[in-house]
Amino acid sequence: MLDFLGESPWALFVSALVSSTLLPGGSEALLVLQLDSAIYPVWLLLLAATSGNVLGSMITFAMGSWIAKRYPLKALHKPHQQRAKRWLTQYGPLALLFAWLPLIGDPLCLVAGWLRLPWLQSLLMIGLGKTARYLMIAGLFS
């Protein structure tokens, strides 16, 4: 049985938030555990996971905007940052549908903020992609 913190949708929210910033996390595993325990309704767990994950991505987006004020765009040296910049330059906010991907999603959100992509469109694309991912996980494991 899960401990008290692991049973809470708030724990899932926090795990999803941390997982979508530049820190590692395991919100998918916690979602599966909570789905298996059947303590809370599926819709509540999906809401907690998705909203936490989207909020974390938007924090990363805001960090990119903040960094852009201090460093020029040419300062993107790492290969994953260059890849994210190419995708975002070519596809705009639509590329943020893939913000849920491991290793790619965090740099996408950071660089999207750095490039000052439209905030609302970015939020919508991030939300759609992350909602689809958690719905797929819930469909497979509930």
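The values are calculated or read from the model by the stated rules, or taken from the named source; none is laboratory data. Because the structure is a prediction, the values reported are computed rather than measured. Ideal geometry is used to build each Cβ from the backbone, glycine not excepted, and the neighbour counts take in all protein chains shown.
Key figures
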{"item": "Output for segment 116-139, where each listed residue is surrounded by fewer than 19 Cβ atoms within 10 Å (Cβ to Cβ), of a type outside the set (D, E, K, R) and over 15 Å from SER27 (Cα atoms)", "result": "PRO118, TRP119, LEU120, GLN121, LEU123, LEU124, LEU128, GLY139"}
{"item": "Conditions (1) of a type in the set (Gly, Ala, Ser); (2) free of Cβ contacts under 8 Å to residues at least 60 places away in the same chain; (3) over 17 Å from SER19 (Cβ atoms): number failed by ALA132", "result": "(3)"}
{"item": "Residue that is modelled with the lowest pLDDT [pool: residues in segment 1-22 that are touching a Gly at 6+ places or on another chain (Cβ under 6 Å) and among the polar types (S, T, N, Q)]", "result": "THR21"}
{"item": "In segment 28-64, residue modelled with the lowest pLDDT [restricted to those that are of a type outside the set (A, V, I, L, M, F, W, C) and closer than 22 Å to LEU103 by Cβ]", "result": "GLU28"}
{"item": "Residue match in segment 98-107 (condition: touching a helix residue (DSSP H, G or I) at 6+ places or on another chain (Cβ under 9 Å), at pLDDT below 90, under 30 Å from SER37 (Cβ atoms) and surrounded by fewer than 16 Cβ atoms within 10 Å (Cβ to Cβ))", "result": "yes"}
{"item": "Failed item in (1) surrounded by 18 or more Cβ atoms within 10 Å (Cβ to Cβ); (2) over 15 Å from ILE137 (Cα atoms); (3) modelled with pLDDT of 85 or more; (4) not polar (S, T, N, Q), with GLY25 passing the rest", "result": "(3)"}
